[in-house]
Amino acid sequence: MLQVFRAARVWDATGGSMLHDAAVVVEEGRISQVGPWSRITVPEQAEVRHFPEHTLLPGLIDCHVHVTGQSYGVSPLPVPEAKMALLAAHALGRALRAGVTTLRDLGSTFQCVFALKDAIAGGIIEGPRLLVAGAGICMTGGHGYNGLAIQADGADACRRLAREQLRQGADVIKLMASGGAATPRELPHESQLTVEEMRAAVEEAHKAGRPATAHALPTHSIVEAIEAGVDSIEHGTLLDDAAIEAMLKHDVTLVPTLSIADRMISHGAAVGLPSYTVDKARALLPGRVERVAQAYRAGVRIAFGTDAGAPFHPLGDVVHEMLLLHEAGLTPEQVLISATRTAAAAIRRQSELGTLEPGKIADLLVVRGNPLLDLRALADPVLVAKAGQIVEGAAVEPNAYLEQIKATLYAHI
Ligand SMILES: [Zn+2]
């Protein structure tokens, strides 16, 4: 199939300037030409779409989500796997329409994440291209044992668990290096997995050609995870100069996920998120934006991640995170680079995704206005294409489907 997308502006994420009255030509789901309209050769029989007031840019990549977070804050009861898969499939469809064409799931104890990934890749259900960690790995009682991770103690157990995730099709290995907000009886500044434990799992990831990433909030855990060989740090909320130095020295990417704490407080508390989580999230607010600013100014590479997935912070809820990164000193263009080119590199898909260039997969987003002037232009896309397959754009709102989710979850009570 031949498609031409012509727009008032095309931003290709390669670092060049915005193209005016430009177009992208797509052949069989891949980009074949990008450039000013005057220089485009329109193939015969091409389907031409023209967006005279709009900006066309690469589809967004969110490097940190939890697609099975659908009952989080809503149901205290264990949720049957099949129900969770259906709720996640619904949320994934909405995320695609919100402009996110690739998601990386960083931890679920539901095995349906692997099935969801394959069903999307196979074209059975609609959603962003999904990369998954499977279950995260945490110590006994560690961060996320209540839904995101499986507990393992000692290097051998961590190695075995990493191998198990890889056997099932994991694209990345997720390690819990410190405490966080969402698990009882843990504190964000506490160390959890040891260097030895993390190193064993990282080795298995790297042997399989996959990256490893660590949930790590305080500097000592960030430094330990880097010592163990991880490729990126998730959150880094309590980082300081020593953490920045380690990230720079070892070329480690930071995925700040600033919006999750805000969403826990603004939309999670109201629907029943446990108070221990909301209180810990609130305690993490002071200084967090400034610390990301400090890391960014020092030259740390920032990749985009929201930690979305719960009804109060739905998949595709990206603009709030973008505005917080902008507050941390990134220009709107740098924010968009973090969510396209840099994100593609963080998930090791830079040869196929992240920019609009000939040969790459045609993941496209059309928005009204100019997101380089105002990132809020991304909140309500007009059209989204994944590998050239078009869906109509639609905004997502926190808790918009809360009643439907509750009805689905509580029907078994
Ligand atoms: Zn997370």
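Here is a list: 105, 118. Which entry is among the acidic types (Asp, Glu) and within 17 Å of the chain's Cα centre (by Cα)? Can you show your working first?
Numbers: 118 fails: within 17 Å of the chain's Cα centre (by Cα).
Step by step, each of 105, 118 is checked, and only 105 is among the acidic types (Asp, Glu) and within 17 Å of the chain's Cα centre (by Cα).
Output the strands (runs of 3 or more DSSP E) that fall wholly within the stretch 43-152 and possess 1 or more residues being polar (S, T, N, Q) and closer than 27 Å to residue 194 by Cα, or say none. Please lay out each step first, then the result.
Working: elements: 47-58, 60-65, 100-105, 129-132, 136-138, 149-151.
Ranges flagged: 149-151.
Scan (1) free of Cβ contacts under 8 Å to residues at least 40 places away in the same chain; (2) assigned to a loop (DSSP other than H, G, I, E, B) for the single condition residue 230 breaks and write down its number.
(1)
Pick from the stretch 239-254 the residues that are away from the ligand (no atom under 16 Å from the Cβ) and within 21 Å of the chain's Cα centre (by Cα): which of them is surrounded by the most Cβ atoms within 10 Å (Cβ to Cβ)? It would help to see each step written out before you state the result.
So in the stretch 239-254, the residues away from the ligand (no atom under 16 Å from the Cβ) come out as 239-252.
Remaining after also requiring within 21 Å of the chain's Cα centre (by Cα): 239, 247, 251-252.
Working: 239: 27, 247: 24, 251: 10, 252: 22.
The extreme case among them is 239.
Scanning the stretch 323-338 for residues that are touching a residue at least 40 places away in the same chain (Cβ under 8 Å) and in contact with a helix residue (DSSP H, G or I) (Cβ under 7 Å, 6 or more places away or on another chain), which turns out farthest from residue 234 (Cα to Cα)?
332
Identify, please: which residue in the stretch 346-395 is assigned to a loop (DSSP other than H, G, I, E, B) and polar (S, T, N, Q) and is, among those, nearest to residue 15 (Cα to Cα)?
Taking the stretch 346-395 as the starting set, the residues that turn out to be assigned to a loop (DSSP other than H, G, I, E, B) are 347-360, 362-363, 369-374, 380-382, 387-388, 393-395.
Narrowing further to those that are polar (S, T, N, Q): 350-351, 355, 370.
On the way: 350: 14, 351: 16, 355: 9, 370: 16 Å.
So the residue we want is 355.
Rule-based calculations on the coordinates, nothing more; no lab input. Model, not experiment: these values are computed from the prediction. A quick note on method: Cβ atoms are made from the backbone with ideal geometry, for glycine too, and the neighbour counts reach across all protein chains shown.
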